[in-house]
Each structure stands twice: as C-alpha cells, then as structure tokens.
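The values are calculated or read from the model by the stated rules, or taken from the named source; none is laboratory data. Since the structure is predicted, the reported quantities are computational estimates derived from the model, not experimental observations. Every residue, glycine as well, gets a Cβ built from its backbone with ideal geometry; the counts of neighbours run over all protein chains shown.
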Amino acid sequence: MLIDTHCHFEPEDDAAALLAEAAAADVRVLAVGGSTALNAAAAASGAPFAYGFDWSDDAPPTPPPESPRLVAIGELGFDFHWKGPETADAQRERFDLQAGFARERDLPIIVHTREADDLTLTALRAADLPRTGVIHSFTGDKALARACLDLGYYISLSGILTFRNADALREVARWLPADRMLVETDSPYLAPVPHRGKRNCPAFVAATAACLAELRGLTLPALADLTTANALRLFGPRLLA
Ligand SMILES: [Zn+2]
C-alpha cells in the first residue's frame, strides 16, 4: 500500500471516482487544501484532509473546522517564484497565524516552499512546532533538505522526481534518511513519467514510488512499507481511518 500524502481535489472533480481508482491501485490519499475552494473540496472528499491557506492570496486564514478526518494544517508556506519579495512580510504573517492553529490543534503542517529558502527556514525555526510537518513536492538542494531535516521535518517527493531534468533532485532523494521520506502526487498537477501530459491522479503516485525505490536500491513493496510507515508516524493513525 502507498499513501499519496498530497493531492488536491478541485470543486468540479468526482472525488469518489478518484478515490475508488486510487483504492483499486492500493493507494490511500491525504486530500490537501490551500485555498477556500480547495479546503472545501478536500473536506467534502471523504478522505483524511489538510486545511490551510497558501501564499497565493491575501485574505487572513480562517481556523480549521472540527473534524475527525482533519490530520494536518496546509498547505501553507512561501513562494517568491509567483510573488515578489515585497510580499515577504505578508507571507510570513499568514504562515505564523496558521502555525498557531497547528500548535493549538496539535497537528503537523504541510509546507510549500519555492525560491524562498531563507524565509522558510527562519519561519520554521521561529514556529518551533512540536509535531513538525513535511516540506511537500521538494525541489530544493541538499542544504535546504539538511536544514529542514535538522528541524525535524519530513521531505516529500512528487512526480518531479521522475522528470528528465531532475538529476539534482534524484541525488537528494538518494541521500535522504530512510525514515523521513514521503511520496505524493500534488495532483491534478505534475503527472509523473510515464503519465506526463495527462491529468495527474493519486493512483499515479506508484510511478514516483517506483522511481524512488530504484534510486534507493529497494523493491517497490519495501519502499511502500517505508514511506507508508513514515506518513503514519507524521500524520497519525487517522490517516487510514
Ligand atoms: Zn499542493
């Protein structure tokens, strides 16, 4: 069994069909929010879900709903690829507010970071969250991975791992501690090889897992056992409820 620790459902998606397709492939799912619309679709999907507000808008994040299926706060985080450095303070404020929700609710966080290594590390350090969390769809270098691992965070690999130009990321993936790796799709985006060009879906997490298994010299079942145990350690047993 594999766990896709990061997929998004959009309001128009047939979540039940996507979850059934995933179950048929022996894939479980963590449905991740990030905006008002994504949070609603994640909560309505019936899967365990994460509730959060990413870097992309400015309205203050609202506290998460009460639900036995709520297993994380996120995604949230930092992006200087799509937003300019003048938004650093606003991005930090959004992060800090939601780190407070994670602390109050005793939940881990799901972190997006792109071209914002320093701000991300400063904020993670300052938040000093007891449950830590995961850096999702990791694309950073070894130095960023090392710093996040030292703070107690997990590193999640998406379909980008399979892309032809991702040698540097594959090098990081080879080197990660075995007890801190997760796999994800970030669907509907970033479909892994050999599914490029299609709409990504949770079942495709197997392609990323197969790539990671090969890099680590493991069989796919051994890699699946490892990453599933890691996901359960981070998100808790409700991930399979
Ligand atoms: Zn995402």
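Conditions (1) at pLDDT below 95; (2) among the small types (G, A, S), marked per residue:
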residue	(1), (2)
H8	no, no
V27	no, no
N39	no, no
P48	no, no
G52	no, yes
P60	yes, no
F78	no, no
G84	yes, yes
F101	no, no
Inset, instruction - Out of P202, P221, P237, report the one residue that is out of contact with any strand residue (DSSP E or B) (no Cβ under 8 Å at 6 or more places or on another chain) and either closer than 24 Å to F49 by Cβ or in contact (Cβ under 8 Å) with a residue 24 or more places away in the chain (or both). - result: P237
Inset, instruction - May I ask you to verify whether I160 is under 18 Å from T227 (Cα atoms), part of a strand (DSSP E or B) and of a type in the set (A, V, I, L, M)? - result: no
Inset, instruction - Scan segment 207-223 for residues that are surrounded by 23 or more Cβ atoms within 10 Å (Cβ to Cβ) and among the β-branched types (V, I, T) and report the count. - result: 1
Inset, instruction - Inspect all residues belonging to segment 154-169 and state whether any of them is within 22 Å of G236 (Cα to Cα), in contact (Cβ under 8 Å) with a residue 40 or more places away in the chain, among the aromatic types (F, W, Y) and in contact with a Lys or Arg (Cβ under 6 Å, 6 or more places away or on another chain). - result: yes
Legend entry - Sole residue being in contact with a helix residue (DSSP H, G or I) (Cβ under 8 Å, 6 or more places away or on another chain), touching a residue at least 12 places away in the same chain (Cβ under 8 Å) and either surrounded by 24 or more Cβ atoms within 10 Å (Cβ to Cβ) or within 26 Å of V29 (Cβ to Cβ) (or both), chosen from A123, A88, A72: A72
Inset, instruction - Would you check if there is a residue in segment 152-171 being exposed (fewer than 14 other Cβ atoms within 10 Å of the Cβ), closer than 30 Å to A126 by Cβ and in contact with a helix residue (DSSP H, G or I) (Cβ under 8 Å, 6 or more places away or on another chain)? - result: yes
Legend entry - Lone unmet requirement of (1) under 17 Å from the mean Cα position of the chain (by Cα); (2) within 16 Å of the ligand (Cβ to nearest atom) for A99: (2)
Inset, instruction - Return the total of residues in segment 183-206 being among the aliphatic types (A, V, I, L, M), surrounded by fewer than 19 Cβ atoms within 10 Å (Cβ to Cβ) and within 17 Å of the chain's Cα centre (by Cα). - result: 0
Legend entry - Candidates D58, D106 - the one that is touching a residue at least 24 places away in the same chain (Cβ under 8 Å), under 26 Å from D150 (Cα atoms), surrounded by fewer than 22 Cβ atoms within 10 Å (Cβ to Cβ) and not aromatic (F, W, Y): D106
